[in-house]
Each structure stands twice: as C-alpha cells, then as structure tokens.
Amino acid sequence: MKNNWFFGYFIFTFLHLTSCDIGSDEFSIIETISDFDYYAIEVFDDKLYAAGGEVWKQCDLSVSSNGIDWETEYFTNRAIFDLHATDSELFAVGTSGFLFSGTSELSKREVATNSLFKGITAINGGLIAVAGKDFNKGWVYHIDNNYKILNEYKYDHELTDVKCDSGDNCISTGYGIIIYSHNKGFTWVRSIQDGDFYNSIGYNSEEIPFVVGYNGSILYSEDKGITWIAIKSAHSPLANNKPFRKIKFYNEAGYIVGDNGTIWKSVNDGKSWFDISLNTDLDLFDFVVFEEKLCIASETGRILTIEK
C-alpha cells in the first residue's frame, strides 16, 4: 500500500492551521557589527557561520562557537545567498558566479559563469548549484569536484533553492516552478506543480521532500518530486499567509521561517504544523538548530535565538 501518511492527519492538520498561538516574546536578538542582511546560516565544524550582504557591494561573514559571541569580518565584494556544509567542507555561493569552499578558511573557486547563484548542494561526485534573477531567468549547474561545469540548464523562471536526498534524487524550486532530477542532476524534468514563488526545500526523516512558498504554501511529494500534495495552499484563507523563506527538518522536528517573525513548527515529520511566530517585524531568512536552540539569520546583522 502506498505510504499516504498524510491522509490520516488531515483533520488534525486543519485544526493546527486554523488555531495559532502568535506573538511569542521568548526570543533573543543578537546584533553583530554587520549592517547587512544575513541570507544564510550554517553549522560546520561545531561553529556557526552567517553570511549575506548587498547584491553588488559586499558580504560580511560572521562566525560563532556558542551562538552568542560573533566575530564579523569583511568577506567579499558580492552578496552570499547560500551556505552548505558537508562533513568535510563548507560551501558559499552568491552574486557573479561566486563560489567559495574550504574548511578553516573559505577560498574562491573559479567557475565559468557569472550567474547569480542562489543555492548549492553536494552530491556524490560533485555539486548542484542554481541561479536566478528577475523572476524569468534561472539556471541549474552540474559541477564536478574540480569546479568544472558539466551541464547547464536554462529556465524562464528564477530558481532559488536545490536539495538532494541520500540517493541523489534532486529537487529545485523557484518562481512558479518545481523541477526534479532522478539521476544526480544530469537531466531535469519540470513538475506540473505551479502557483507560488517556491523558496525552499526540506527533507523529513523519511526523506519525503517538502517545499514552501512566498505566498504561504506548504507542499510535499510522495514520488520524489514528480507530483505534489498541498498541506497549505498559497493565499489560503485558513491561516497566516506571510511569506515563507526556509524549511528544514531535524529528525521529526520541522521548522519554517519567514517574514515578520514567522515561525511554524511540526513535531511529527511535517504531518501537521502550528504557528510559534515571534513578536517582531524582522524578516527571518534562514535558520539552523545549534545547542538546542534555533539560530535564525535575519535583517541588518541580526541573529535571533529561540529555544527549539
């Protein structure tokens, strides 16, 4: 029988989406010396890294070993939009085809493109990076371990994120588009799903992919990205429709962050969600779990923390 684990939770989910506890004051704001928005935050080698910047101007990189004290330095003259860590290496991507990698220090790698990288993920034998701008321009790049582009695919939709499961089945999202690859990113197929500016992809503990969108949608797929089922549709009248920016899972705990302090949480692998939003107007762009807390990348050099 097909694993339709969502069906049995429909009523429970409906109740959670219509009954929200909004406006928590139980969070801390840490102000670093950076003036730029932090678009990405990641954990690598037991340290936190946060980066962002202004598209054509500058990126500051902030590092912390405890989530409270942050060291911030100028990093590069372009914005960084994504950080991705493996067990052995940290990657950063951003404007003008900028790609950095390393361990204790990040070094710029030469990649034959000037695209505005928005996301990156590691696969067996290389990397998948996506780029996009202006809503109607998007690219997927299959990159080998020597930073050579093996394949480039262009779309008439801005692309914003890419993630792969342990079998190197990959999904990328963007402006009204979801695409998938079942062969390590060598070829891509467009899903029939549209209807939102899909910002982020997260896999739960069963490696079921979820996506969230700027207009408040939450979707999941039972067939590795071919078709999608809506838990919450874009512009749903049932609940909070503030933009969702990022979704991630830590074991069976799932979190979504977004604009104006939006945080949604799941304790059952994404079957149902409830609102634990913060009483703040700050936009929340990315997050990680670190030492039993959510550490959240936000506006103008701010890091927010909340007990998970």
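Here are the numbers for the structure shown:
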read-out	value
Check on Phe81, within 20 Å of Phe287 (Cα to Cα) and either surrounded by 24 or more Cβ atoms within 10 Å (Cβ to Cβ) or in contact with a strand residue (DSSP E or B) (Cβ under 6 Å, 6 or more places away or on another chain) (or both)	yes
Strands (runs of 3 or more DSSP E) wholly inside segment 50-96 containing at least 2 residues that are farther than 18 Å from Gly119 by Cβ and not aromatic (Phe, Trp, Tyr)	59-64, 71-76
Every residue from segment 48-68 that is surrounded by 17 or more Cβ atoms within 10 Å (Cβ to Cβ) and under 19 Å from the mean Cα position of the chain (by Cα)	Leu48, Tyr49, Ala50, Ala51, Gly52, Gly53, Cys59, Leu61, Ser62
Only listed residue being surrounded by 18 or more Cβ atoms within 10 Å (Cβ to Cβ) and either part of a loop (DSSP other than H, G, I, E, B) or on the phi > 0 side of the Ramachandran plot (or both), chosen from Ser101, Ser115	Ser115
Residue check, Phe14 at negative phi, part of a helix (DSSP H, G or I), modelled with pLDDT under 95 and exposed (fewer than 14 other Cβ atoms within 10 Å of the Cβ)	no
3 or more residues of a type outside the set (Val, Ile, Thr) and out of contact with any Ser or Thr (no Cβ under 6 Å at 6 or more places or on another chain): qualifying strands (runs of 3 or more DSSP E) within segment 124-213	126-133, 137-144, 149-155, 198-203
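The values are calculated or read from the model by the stated rules, or taken from the named source; none is laboratory data. Predicted, not measured: the structure shown is a model, and the values here were computed from it. So basically every Cβ, Gly included, is an ideal-geometry build from the backbone, and we count neighbours across all protein chains shown.
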